[in-house]
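S.K.: To start, I am sharing the structure in question, which I have written as structure tokens.
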Amino acid sequence: MFQQTSQTTLPAFLQRERKEPPEYKRTCRLNTNEAESFLCVVGTALTANLSRGAPPSSKFFSVKCTPNVQYTINPPPQETAPLAQIPLKGNSVLLITMSSASQFENDSKLSVQYYANNKEVLGKAVLHLTAVEISLDVDADRDGIVEKNNPNKGSWKWGPKGHGAILLVNCDSERTYWKKPDTEQDYISNVSDLKDMSAMVLRTRGPAKLPQGYKLTLHISQGDAESVRVFRSRSADNKKNAMNNVLYKYLLKDHPLVLSSEVLSEEVPYFGGEAEMKFYVEGLRFPDKGFDGLITINLSLLEPISEGLPETPIFTDKVVFKVAPWIMTPNTLNPVEVFVCSTEDNYQFLKGMRNLVDKSGYKLKICYKYENRGDRWMQDEVEFGYIDSPHHRFPVVLDSPRDGRLQDFPYNELLGPDFGYVTRVAQRKDVSSLDSFGNLEVSPPVTVRGKHYPLGRIIIGVAFPTATKGRNMTKVVQDFLWAQKVQEPIALFSDWLIVGHVDEFMTFVPAPDRKGFRLLLASPDAAYKLFRGLQNEGHGEAKLFDGLEDEQQLTLNELLDDDSLQTENNYVQSCIDWNRDVLKRELGLDEGDIIDLPILFKLEEDEGNQYRAVAYYPDMVNMIVLGKNLGIPKPFGPKVNGRCALEAEMCSLLEGLGLSCTFIDDFASYHKLLGEVHCGSNVRREPFDFKWWNLEM
């Protein structure tokens, strides 16, 4: 039944809609020769130029519509004008909307009648209207629930008041035999794999079927296609198909691939009535150089034009996902498990590590000889991190491009269900010692000049800025780390060391005060101060390396008389001081946040005939941090009153923070090979409580 609606008697919500018309508008033609049919999406509008479709000599018009149709006229007619017959102006436009979905095709109508000056009827345009509700939905408010038609679903905004859906890179493996990352297979091998993907829901409401020739398509751009795949649940959550949901819920064939790099557009079914169709969106790659992690998925309603001609999109809905970054974990987070290698000569080291880990209450994972093939440098091969979203998170190991004999360990032993794997491959000629991950650390959370870094900042070692022949971490790894954005990297100067790793001169330990941590720095000055103090107290004949049968022992008097060694350590101290200043500036630290550890170095000629530094005795800063328990390389320093003076000094410096020092003998099996406890171990830690998407960018 038609109703005539006036500008002054419209309900309040329609008058508001007139002030804020729908964003999505589509032009339709008024035809007085024959009735036209249009499909209208609820929330959008049809616009019709009233003059263009008017018969010649038309001076007035009137509009009638059925209850499910609303309209406004622009420009609005004068309030005093007769409502039934409105003067026709050359720029008169009719804006038509529908408030709810149709139950049947063409169940709503709108008519426009045209009049001459003498009120003679010149013609009548009739529109048969069908309304459908269409919404492509994601978890845009980041609460783990796919809400309906969130107004912010088509964009991304950082921060606690931000919006935008999150997508995980599906880099774990549901397969445990002949495994490979799930990103490398374009099918779902196990229903459990679905939790690694983000849900996307197509919600529709309307008549039992769309008008003839209309269809829905899901589509992505060529640029996004390399970064995402979309699977569909064939057992759509349609109220009519509830039994099918039960029957097909666990059938893997019920999740066909819809969109991929090979298929950019795919028609999706329209079920009629009130229906929901669930999709699973799979991330394929992490943010990196040239890829900011943003992905757009579109849904379009296509209208047929004529046989042999392509359909025309009359409505498009879109959603945006942000790929979750890879996040590193600092020493201040609780450990989960500790990794070490077993080799033919590291029994003493393993014994000390077992005792420490058992005392700390964590798991110890040993990589045995058949897997490590003699490569003991667990820290250098991998870096543990994680990825996170509102619906799921899991650890992800970053495999370094060093590719020593441990190269198969992360893939073979770590990759699995809910344990992801990522690597960056570099040209072998570009890979140096600085690409081992003893050269990759992360700070605890800090605030710097008013800017908060709640996930800390990544720290890497590179060549000195003015160096022309220095070694650097390879570009593909640096690009990857920078692209994650949430832990903005800091570059330190580490090329002065033979091995060249930042963990040779710095680490972080938890603390109960100040910023919640201390930065520990190796300090030759602190070592000389300690040793000269002992000499002044009459302990000049105390010997370094006391108790090591195969090592030449050296008295403090002899060490302090070695002017060449003093000169070398003055150089080392200047290198560390340069980094100290960078860390203070970039982490917002004061001197009270830093503890200097008494460690000496010596210069030796490396393979490139350049003189670089190595630790003179076991490098105590190169420690493992397990909560409040520290595993420190046993330094074999001079004994004073039966106790190693270096151990005593370390305990004095650190135990006041509530930390417990355990000294582990790594001299023969690690120190002599230019590494220490941290180099030979690795720790997977709990994730941050802070959610990365709440960062203010």
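Each reported figure results from applying straightforward, stated rules to the coordinates on display, with no laboratory input. It should be emphasised that the depicted structure is a prediction, and the values quoted were computed from it without experimental measurement. Note that each Cβ is placed from the backbone with ideal geometry, even for glycine, and that neighbours are counted across all protein chains shown.
S.K.: How many percent of Cα pairs in the stretch 483-636 exceed 27 Å?
M.R.: In whole percent, the share of Cα-Cα pairs in the stretch 483-636 beyond 27 Å is 29.
S.K.: Using a 7 Å offset from the Cα along the Cα-to-Cβ direction at both residue 488 and residue 548, what is the distance between the two label points in nm, to one decimal?
M.R.: Taking the two extended label points, one gets 4.2 nm.
S.K.: Give the aspartates and glutamates reachable from residue 289 as a straight Cα distance under 16 Å; neighbours fewer than 8 places away on the same chain don't count.
M.R.: Result set, ordered by chain and number: 224, 226, 479, 488.
S.K.: Here's another thing I want to ask about it. What pairs from 365/584; 148/179; 359/451; 359/639 go past 30 Å between their alpha carbons?
M.R.: 365/584; 148/179; 359/451, as the Cα separations exceed 30 Å there.
S.K.: Say the cut-off is 30 Å between C-alpha atoms; which of 195/351; 369/634; 634/691; 429/515; 25/215; 429/691 go over it? Let's see the in-between values first.
M.R.: On the way: 195/351 40 Å; 369/634 25 Å; 634/691 38 Å; 429/515 41 Å; 25/215 19 Å; 429/691 38 Å.
Violating the 30 Å limit, Cα to Cα: 195/351; 634/691; 429/515; 429/691.
S.K.: Could you compute the FRET efficiency for residue 257 and residue 563, with r as their C-beta to C-beta distance and R0 at 60 Å, rounded to 0.05? Let's see the in-between values first.
M.R.: Numbers: r = 72 Å, r/R0 = 1.19.
So, using R0 = 60 Å, E works out to roughly 0.25.
S.K.: Computed FRET efficiency, Cβ-Cβ of residue 149 and residue 336, R0 45 Å: what is it to the nearest 0.05?
M.R.: On the way: r = 40 Å, r/R0 = 0.89.
Efficiency at R0 = 45 Å is approximately 0.65.
S.K.: Can I ask one more? What number in nm² do you get for the stretch 251-301 if you take the convex hull of its Cα atoms and divide its surface by four?
M.R.: 5.3 nm²
S.K.: Also, quick follow-up: If you average 1/r across every pair of different Cα atoms in the stretch 12-133 and take the reciprocal, what Kirkwood value do you get, in Å? Walk me through the numbers before you get to the answer.
M.R.: Details: mean 1/r = 0.0683 Å⁻¹.
Kirkwood hydrodynamic radius for the stretch 12-133: 14.6 Å.
S.K.: For the chain, count the residues as N, evaluate 2.2 N^0.38 Å, and divide the Cα radius of gyration by that value, please.
M.R.: In units of the 2.2 N^0.38 Å rule of thumb, it is 1.32.
S.K.: Where does helix 347-360 land angle-wise versus the long Cα axis of the chain, in degrees 0 to 90, nearest 10?
M.R.: 50 degrees
S.K.: For the pair residue 578/residue 448, report the inter-label distance in nm, with labels modelled 7 Å from Cα in the Cβ direction.
M.R.: Distance between label points: 1.8 nm.
S.K.: If you don't mind, there's one more thing I want to ask. Give the long-range amide H neighbours of residue 37: residues separated by 5 or more places, or on another chain, with amide H under 5 Å away, using H modelled in the peptide plane at 1.01 Å from N.
M.R.: Those qualifying (amide H under 5 Å, at least 5 residues apart or on another chain) are 128.
S.K.: Taking square-rooted eigenvalues a ≥ b ≥ c of the alpha carbon gyration tensor, is the stretch 327-694 rounded, prolate or oblate, where a/c under 1.5 means rounded and, failing that, a/b exceeding b/c means prolate?
M.R.: Values: a/c = 1.45, a/b = 1.39, b/c = 1.04.
Rounded shape, in that the Cα axes give a/c under 1.5.
S.K.: Could you compute the FRET efficiency for residue 363 and residue 306, with r as their C-beta to C-beta distance and R0 at 51 Å, rounded to 0.05?
M.R.: Computed FRET efficiency for residue 363 and residue 306: 0.15.
S.K.: Starting from the alpha-carbon convex hull of the stretch 598-697, give the projected area averaged over all orientations, in nm².
M.R.: Result: a mean projected hull area of 10.2 nm².
S.K.: How much length, in nm to one decimal, is gained on full extension between residue 118 and residue 610, taken as 0.36 nm per residue of separation minus their Cα-Cα distance?
M.R.: Contour length minus Cα-Cα distance gives 166.8 nm.
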